[in-house]
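Data block below; observations after.
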Amino acid sequence: MTQLTPQPGIMDIALYQGGAAHVKGVSNVVKLSSNENPFGPSPRAIDALATAAPEMHRYPSTDHAELRAAIGDVHGLDPARIICGVGSDEVLQFVVQAYAGPGDEVIHTEHGFSMYPILARMAGAVPVSVPEKNRCVDVDAILAAFTEKTRVVFLTNPGNPTSTMLPEAEVERLAAALPGNVILVLDAAYAEFTEGFDGGACHVEGRENVIMTRTFSKIYGLGGLRVGWGYGPQAMIDVLNRVRQPFNLSVPALAAAEAAVRDQDYVLHCRQENAKWGRWLAEELAEAGVPSDPSSTNFLLARFGSKAAAEACDTYLQSQGLIVRKVAGYGLPEALRITIGDEESCRRVAAAVKEFKEGRA
């Protein structure tokens, strides 16, 4: 009997593991494992979602014109060069699907977003991991890994799960060094947490092989609706729209995302609260002997010195109803990624880590 055989590379994909949300036998759980906004979405987004709900029987627009116009207005970008997807993940998938295939190589850094090698293998391409330096992207390492087979380079900036940020001059150096037949993807899911940062849009201008991706899942608090977008050269956006499903975003999702992006006062509030409690939590953890790099995101990468210590602390945090993220799969077994929550959550985490470190666990 002939057996069904998937395309080469598919069975090499390790299934993506999302952040846990429950602890068996523990109540009053605080989820700090998925970098979600502890304040939820903008009230305007909630109202827009409710208003759009009766229209769920209608097909959504195929061009996302109103959402693209709103994104363009807020960020000063040409709406014609914006593409929307089911989270920024889908836009990343479009890039690999359209520009890489069997025999090609896709570069990502060792601590970069775990979807990158998955997307490469989906297209039959080979993922190539390059080392980082002290949890920071190393442009020289990326350039050293470049071959004639390289077609896409993924750069997470700010980094996940590292929280570190590559200086603009280094991003520019990388963009300038790549040949025209290689795409640089600037994955800026956490851009809004750094005031004045354009996510890499400036590196898109004047180039035909650079695209920036953004998401509504983080500071906008719309992770459950799955909306993201990309901004790139017109020719590339035209290609990506040819592999995009025409009705990939729902009526409620489009309405909520448009309202969310136009409520920049709410974004400012969330960014300020995140910065305030992120600094406080980092200082408290450092005082307890748990360092972290300065964060440009809404999470801290807390370092415990060994895999055993990180796992033991994670177990204790769970017993206290605090769910964080182990990141051994990202090559950081000695660390835990902790989402910056609201004041109560941050205080609970700080107290629990101190108890663990002092042996009172």
If the Cβ limit is 6 Å and pairs must be 6+ apart or interchain, which residue in region 166-193 that is closer than 16 Å to E132 by Cβ pairs with which residue that is surrounded by 14 or more Cβ atoms within 10 Å (Cβ to Cβ) and charged (D, E, K, R)? none
Search region 45-90 for residues being outside any loop (DSSP other than H, G, I, E, B) and without any contact (Cβ under 8 Å) to a residue 24 or more places away in the chain, and hand back the single one that is farthest from D263 (Cα to Cα). P54
Within region 214-256, can you find the residues that are more than 20 Å from S33 (Cα to Cα), surrounded by 22 or more Cβ atoms within 10 Å (Cβ to Cβ) and among the hydroxyl-bearing types (S, T, Y)? Y231
Which of the residues spanning region 321-331 are more than 15 Å from P161 (Cα to Cα) and surrounded by fewer than 21 Cβ atoms within 10 Å (Cβ to Cβ)? G321
Evaluation of E132 against (1) touching a His at 6+ places or on another chain (Cβ under 6 Å); (2) over 28 Å from S292 (Cα atoms) (one fails), failing number: (2)
Which listed residue, of A308, A260, is at negative phi, surrounded by fewer than 23 Cβ atoms within 10 Å (Cβ to Cβ) and of a type in the set (A, V, I, L, M, F, W, C): A308
Could you check, for region 107-129, whether at least one of its residues is touching a residue at least 12 places away in the same chain (Cβ under 8 Å), under 24 Å from G278 (Cβ atoms) and part of a strand (DSSP E or B)? yes
So which residues in region 144-158 are in contact with a Phe, Trp or Tyr (Cβ under 7 Å, 6 or more places away or on another chain) and not in a strand (DSSP E or B), if there are any at all? P158
If you go through region 341-361 one residue at a time, how many are surrounded by 17 or more Cβ atoms within 10 Å (Cβ to Cβ) and either assigned to a strand (DSSP E or B) or at positive phi (or both)? 0
Please tell me if T109 is surrounded by fewer than 17 Cβ atoms within 10 Å (Cβ to Cβ), among the hydroxyl-bearing types (S, T, Y) and modelled with pLDDT of 95 or more. no
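The values are calculated or read from the model by the stated rules, or taken from the named source; none is laboratory data. Since this is a predicted model, take the numbers as computed values, not measurements. Because the Cβ atoms are built from the backbone with ideal geometry, glycine has one as well, and the counts that use them run over all protein chains shown.
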